[in-house]
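Note sheet for the following structure.
The values are calculated or read from the model by the stated rules, or taken from the named source; none is laboratory data. No experiment lies behind these values; they were computed from the predicted model shown. Glycine gets a Cβ as well: all are built from the backbone with ideal geometry, and neighbour counts include every protein chain shown. All accessible areas refer to the heavy atoms of the entire protein, side chains included, with ligands and DNA or RNA removed. Shrake-Rupley method; radii C 1.70, N 1.55, O 1.52, S 1.80 Å.
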Amino acid sequence: MTSPFTPIIDAARAADTDTARAIMALSALDWAACGIAGQAEPVARLTRALIEDEGGAPQASLIGGGRAPMRGAALVNGATSHALDYDDTHFAHIGHPSVAVLPAALAVGERYAKTLPQILDAARLGAEASIRFGLRFGRSHYQAGYHQTATAGAFGACLAAAQLMDLTEDQTLHALGLTATRASGLKSQFGTMGKPFNAGIAASNGVEAAWLAGQGFISNPDALDTTNGFVQTHICDGETTQPPGALLETLSHKYHACCHGLHATLEALALLPRPDATQVKAITITTHPRWLTVCNIAAPRTGLEAKFSYRMVAALALLGHDTAALDTYSDALCADPQITALRDRVTVQTDDTLKETEALVTLDTDGSYEAHFDLEAPIPLEARADRLRAKAAALVGTDSAAALWQAIESGDRAAFSAEIAG
């Protein structure tokens, strides 16, 4: 059997490079550290309470301890790992691959006694596929209000789960067809607990669809492109042919604890002088127009909203607050008079000739200073690894970060699961 899903599956399987595998290993470290650090967040506590209240077979580990059915573990761990919004992103479709795919892969891998290398290989396949599904859905899908982490991510989670469940090709196509009727998630949830919940939904949907297909569940394997299928009903205008190479090789990791759409601005600001706040007359941020519906909350009232505000992060950075630190994004700082006064001197404007990974920042004091940054500027793999290991250590402590990396390098699934369980 072939279906509209087949070219995406084939392209994702062909993208199995050493660099893509190395990126996936680093993303596993980053995902685990973000999840452990986010386990006390309200969305993490509430989703855990839901799954614990339901009970069920102890098939897979929960971040923070305990076990749950694999579908419930995928939900909890997906929401928990995205709770801080500090996880990886791919700008080809503006989605967060790891928080949808890794929770599904780990839960299924534990349930079916797979090795950690097998789990990471399935996660690599699923993450690559999620990016490619995102390209297929395209800009109009995202701009219409769909959250690609949840929609494209669900398909990637399903493919990872299907591989770990050893589904046949036909079963995999039925699983993806079922995912087409389950994938969901809206950008209207940005700035609330609903955004990280979207990641959990994607992971859980992928596990559910794969398991049902493995038991003989029949769906429409043409549900991607058929009449009344996903593409037709979800405002998709993306690429109909798959690009060559491993798209995972251009995955971006976060080094600031806020929406990735703000990172180019923060990196550009870091290139500018740090004047006294009273000397700042105006700050102008120029960005791609796509970001205005994502991270342009003008006057955030909460720490969570601050993570989606150009004006707020610019003020925080210029006043010397560490934008990599979790506690920088607080309700108290959102109400600080000095910060809000500087925030109100920030203007955000758009330029559609800029790439979505670029930002241009102009700082007006007694003189005018300008800086540009592009997140797609190459970073050597070892330099990326150094920054991610340092980030993990800052999030969970040096010992835990080292234990996670040792488990990944040695392929020790039990040690990796034990570390996220705490």
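Taking the stretch 290-313 on its own, how many of its residues are open to solvent by 50 Å² or more (accessible area, probe 1.4 Å), modelled with pLDDT under 95 and either under 18 Å from His372 (Cβ atoms) or hydrophobic (A, V, I, L, M, F, W, C) (or both)?
The number of residues fulfilling the criteria is 2.
Is it the case, given these coordinates, that Ala371 is surrounded by 14 or more Cβ atoms within 10 Å (Cβ to Cβ) and either touching a helix residue (DSSP H, G or I) at 6+ places or on another chain (Cβ under 9 Å) or of a type in the set (Ser, Thr, Tyr) (or both)? Write out each step before concluding.
Working: surrounded by 14 or more Cβ atoms within 10 Å (Cβ to Cβ): yes; either touching a helix residue (DSSP H, G or I) at 6+ places or on another chain (Cβ under 9 Å) or of a type in the set (Ser, Thr, Tyr) (or both): yes.
Yes, satisfied.
With (1) part of a helix (DSSP H, G or I); (2) surrounded by fewer than 23 Cβ atoms within 10 Å (Cβ to Cβ) as the list, and Arg182 as the residue in question, which single condition is left unmet?
Here Arg182 clears every test but (1).
So Ile420 ticks every box in (1) more than 21 Å from the chain's Cα centre (by Cα); (2) closer than 23 Å to Arg67 by Cα but one. Which box is left unticked?
(1)
Can you list residue pairs whose Cβ atoms sit under 8 Å apart, with the first residue in the stretch 164-180 being more than 16 Å from Asp10 (Cβ to Cβ) and the second being at pLDDT 95 or above and basic (Lys, Arg)? Count only pairs 6 or more apart in sequence or on different chains.
Between residues of the stretch 164-180 that are more than 16 Å from Asp10 (Cβ to Cβ) and residues that are at pLDDT 95 or above and basic (Lys, Arg), the close pairs are Leu164/Lys114.
Could you tell me whether Leu381 is buried (at least 18 other Cβ atoms within 10 Å of the Cβ) and of a type in the set (A, V, I, L, M)? Before the answer, list the steps.
Numbers: buried (at least 18 other Cβ atoms within 10 Å of the Cβ): no; of a type in the set (A, V, I, L, M): yes.
So Leu381 fails the test.
Restricting attention to the stretch 66-122, and to residues there that are assigned to a loop (DSSP other than H, G, I, E, B) and among the aliphatic types (A, V, I, L, M), which single residue is modelled with the lowest pLDDT? Steps first, answer last, please.
Step one: filter the stretch 66-122 for residues assigned to a loop (DSSP other than H, G, I, E, B), giving 66, 69, 82-88, 91-94, 96, 112-115.
Of the ones still in play, those that are also among the aliphatic types (A, V, I, L, M) are 83-84, 92, 94, 113.
Details: Ala83: 95, Leu84: 91, Ala92: 92, Ile94: 88, Ala113: 98.
Looking at residues that are assigned to a loop (DSSP other than H, G, I, E, B) and among the aliphatic types (A, V, I, L, M), I get Ile94.
Among all residue pairs at least 6 apart or on different chains, which show Cβ distances below 6 Å where the first residue, located in the stretch 9-34, is farther than 14 Å from Ile131 by Cα and the second is part of a helix (DSSP H, G or I) and of a type in the set (Phe, Trp, Tyr)?
Listed by first residue and then by second, the contacts come to Leu29/Trp405.
Identify all residues within the stretch 392-407 that are open to solvent by 20 Å² or more (accessible area, probe 1.4 Å) and within 21 Å of the chain's Cα centre (by Cα); write none if there are none.
Those that are open to solvent by 20 Å² or more (accessible area, probe 1.4 Å) and within 21 Å of the chain's Cα centre (by Cα): Ala393, Ala394, Leu395, Val396, Trp405.
Here's a check for you: in the stretch 35-66, which residue that is in contact with a Pro (Cβ under 6 Å, 6 or more places away or on another chain) and without any contact (Cβ under 8 Å) to a residue 60 or more places away in the chain is surrounded by the fewest Cβ atoms within 10 Å (Cβ to Cβ)? Show your work before the answer.
Looking only at the stretch 35-66, we keep the residues that are in contact with a Pro (Cβ under 6 Å, 6 or more places away or on another chain), and these are 43, 56-57, 59.
Keeping just the survivors that are without any contact (Cβ under 8 Å) to a residue 60 or more places away in the chain gives 56-57, 59.
Details: Gly56: 14, Ala57: 11, Gln59: 17.
Looking at residues that are in contact with a Pro (Cβ under 6 Å, 6 or more places away or on another chain) and without any contact (Cβ under 8 Å) to a residue 60 or more places away in the chain, I get Ala57.
Pairs needed: first member in the stretch 195-223, within 11 Å of Ala104 (Cα to Cα) and of a type in the set (A, V, I, L, M, F, W, C); second member anywhere, open to solvent by 30 Å² or more (accessible area, probe 1.4 Å) and part of a helix (DSSP H, G or I); C-beta distance under 6 Å; at least 6 residues apart or different chains.
Val207/Arg71
Show me the helices (runs of 4 or more DSSP H) found entirely inside the stretch 308-412 where at least 3 residues are without any contact (Cβ under 8 Å) to a residue 24 or more places away in the chain.
On the way: elements: 310-318, 331-334, 337-343, 381-396, 398-410.
Qualifying helices (runs of 4 or more DSSP H): 381-396, 398-410.
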